[in-house]
Amino acid sequence: MKKILIPLLKILVPPIIGISFILAVGFSMDPDTRVKYWYLCLAYFFPPLGKESVIPAGIFGGDIYVPILNLKAHITPIDPNVMAISIALIDSVVSLFVVWNYDLVKKIPILGRFIRKVEELGRKGSKKYAWIRPLKFIGIVLFVMVPLQGSGGLVGSILGRLIGMRSSTTWLAVTTGAFLGCFAIAYFTSLALSNVIIALALVSILVIVLIILKVWRESK
């Protein structure tokens, strides 16, 4: 019985935690905001959308003019903390599911093929991931934290396994990186929306940082 129950719980617990949280938060909102919130949480699962686009989209609000329809639409903003916690929790839950059910996840058609591709790149010492290995825990935290395409909980969990980290350590690293990254994006988005000059400065700084990171990674 125990041999059946534990694997079953490992499959069911992560999605139950994630879905329950997102449903509870959504039902605490007004209907229009609820739809926006659920849509953004769902959209986060589909590339190329990432935390760097989903969180600002949630925080943004106000009256906007729709030229073709000649209408003024009101978009309700979502609290930055709610967006940050929600997206970070999704990464954390995805990571928990992957580290608990790695062999099972590899059998899922599209997901399995993606995991094998990441594993192959990691084993070949791809420059894209090579910098993480010597940093281990900190490397996974930074990888998940920095808002780059394909740097979420799924890939972070795969890389943690590849560099020999324990499942619990990998999950903790991914969760730490997710929360740090999401709260940073939420904070700077709120700051940017309050001042156009600050927004331009933040975008410029982000571009410079990303260029430096890209050059540094390619030089390794």
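The values are calculated or read from the model by the stated rules, or taken from the named source; none is laboratory data. Small disclaimer: the values here were computed from a predicted structure and weren't measured. Heads up, the Cβs are rebuilt from the backbone with ideal geometry, glycines too, and the neighbour counts pull from every protein chain shown.
Some points to look at:
- Residue within region 194-216 that is crowded, with 16+ Cβ neighbours inside 10 Å and among the basic types (K, R) present: no
- Helices (runs of 4 or more DSSP H) lying entirely in region 1-86 (those with 1 or more residues that are at pLDDT below 90 and acidic (D, E)): 31-43, 51-59
- Whenever a residue of region 117-144 is assigned to a helix (DSSP H, G or I), its partners that are modelled with pLDDT of 90 or more and among the hydroxyl-bearing types (S, T, Y), lying with C-beta atoms within less than 6 angstrom and at least six residues away or across chains, give the pairs V141/T176.
- Residue count for region 133-170 under the criterion of being within 20 Å of G50 (Cβ to Cβ) and aromatic (F, W, Y): the result is 1.
- Long-range neighbours under 6 Å by Cβ, at least six apart or interchain, first residue under 23 Å from A84 (Cβ atoms) within region 159-179, second surrounded by 18 or more Cβ atoms within 10 Å (Cβ to Cβ) and charged (D, E, K, R): A178/D91
- Residue in region 163-174 that is surrounded by fewer than 16 Cβ atoms within 10 Å (Cβ to Cβ), within 22 Å of G58 (Cβ to Cβ) and either out of contact with any Pro (no Cβ under 7 Å at 6 or more places or on another chain) or among the hydroxyl-bearing types (S, T, Y) (or both) present: no
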